[in-house]
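Here is the structure we will look at, set down as structure tokens.
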Amino acid sequence: MTEFGKPANFTRRVPDGDTQHRDVCTDCGFVHYDNPKVVAGAVVRSNGGILLCRRAIEPRVGFWTLPAGYMELNETVEQAALREAYEEAYARIEIDTLLAVYSIPRISQIQVIYRADLADPEIKPGVESLEVDLFSWDRIPWDEIAFPSVHWALNHFHEVSGQDVFAPFSNPDGETGDYPKAQRKG
């Protein structure tokens with residue numbers, strides 16, 4: 001919409017000084033940039049357990065995931081991770097360090113995952129979770145994990161267990177975040 005309430009007329013072209021096709025308003029020259037979304041989350045630990053949330057929303061309803069979600073405008077990545085933990089599990093967490101940054105090109109996401117500690121033992125499902133629980137490593141429901149990046153984060157977390165200093169991880173070699181065929185829905 002233009003400032004006068006009329007629909008804008010967009011055409012797809014490469015704007016001057018750019019290298020990518022973009023939607024450009026033919027009336028005013030406004031360039032609409034459609035860029036990747038940033039997801040913030042955490043592997044949250046407490047007394048030997050890891051916080052997981054069973055999803056109440058699509059995609060992957062009923063599957064387990066880390067507390068994570070899209071950043072909102074005007075917040076830091078850390079603030080987003082804290083907010084998501086609270087929204088999904090009423091979990092009050094303290095971020096320890098950056099664990100990983102994953103690129104998921106098929107859905108245009110960047111996922112920033114922290115290692116964190118549960119600051120308060122009280123947890124309960126938020127509106128986006130059917131249930132929440134703390135899992136010891138040998139109790140994690142691996143066949144019910146929602147997304148490939150959750151597998152990566154859990155394994156990377158386990159790999160640096162007990163280490164205070166490590167380099168943040170990225171996608172495992174050859175991994176792009178695609179579901180194995182057996183896990184794809186539909």
Answer yes or no as to whether residue 115 is part of a strand (DSSP E or B) and of a type in the set (Lys, Arg). yes
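Looking only at the range 14-40, which residues are over 16 Å from the mean Cα position of the chain (by Cα) and buried (at least 18 other Cβ atoms within 10 Å of the Cβ)? Outline the logic, then answer.
First pass over the range 14-40, keeping only residues over 16 Å from the mean Cα position of the chain (by Cα): 14-34.
Scanning the range 14-40 gives a single hit, 24.
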Which listed residue, of 171, 155, is over 20 Å from residue 59 (Cα atoms), among the polar types (S, T, N, Q) and buried (at least 17 other Cβ atoms within 10 Å of the Cβ): 171
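I want to confirm something. Restricting to the range 41-79 and keeping residues that are among the acidic types (Asp, Glu) and in a loop (DSSP other than H, G, I, E, B), which single residue is nearest to the chain's Cα centre (by Cα)? Reasoning before the result, please.
In the first step, residues of the range 41-79 are kept if they are among the acidic types (Asp, Glu); the result is 58, 72, 75, 78.
Checking the rest, the ones that are also in a loop (DSSP other than H, G, I, E, B) come to 58, 72, 75.
On the way: 58: 14, 72: 12, 75: 15 Å.
Among residues in the range 41-79 that are among the acidic types (Asp, Glu) and in a loop (DSSP other than H, G, I, E, B), the one nearest to the chain's Cα centre (by Cα) is 72.
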Looking at (1) over 26 Å from residue 47 (Cβ atoms); (2) assigned by TED's automatic domain parsing to the domain that holds residue 49; (3) in contact with a helix residue (DSSP H, G or I) (Cβ under 6 Å, 6 or more places away or on another chain), which one does residue 73 not meet, given that it meets all the others? (3)
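Within the group 29, 41, which residue is small (Gly, Ala, Ser) and more than 18 Å from residue 155 (Cα to Cα)? So that I can check it myself, show each step before the final result.
On the way: 41 fails: more than 18 Å from residue 155 (Cα to Cα).
Result of the check over 29, 41: 29.
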What residue, among those in the range 56-74 that are surrounded by fewer than 20 Cβ atoms within 10 Å (Cβ to Cβ) and in contact with a Leu (Cβ under 9 Å, 6 or more places away or on another chain), is nearest to residue 130 (Cα to Cα)? 56
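The values are calculated or read from the model by the stated rules, or taken from the named source; none is laboratory data. Quick caveat, the model's predicted, so the values are computed rather than measured. Positions of Cβ are backbone-derived with ideal geometry, glycine not excepted, and every protein chain shown enters the neighbour counts.
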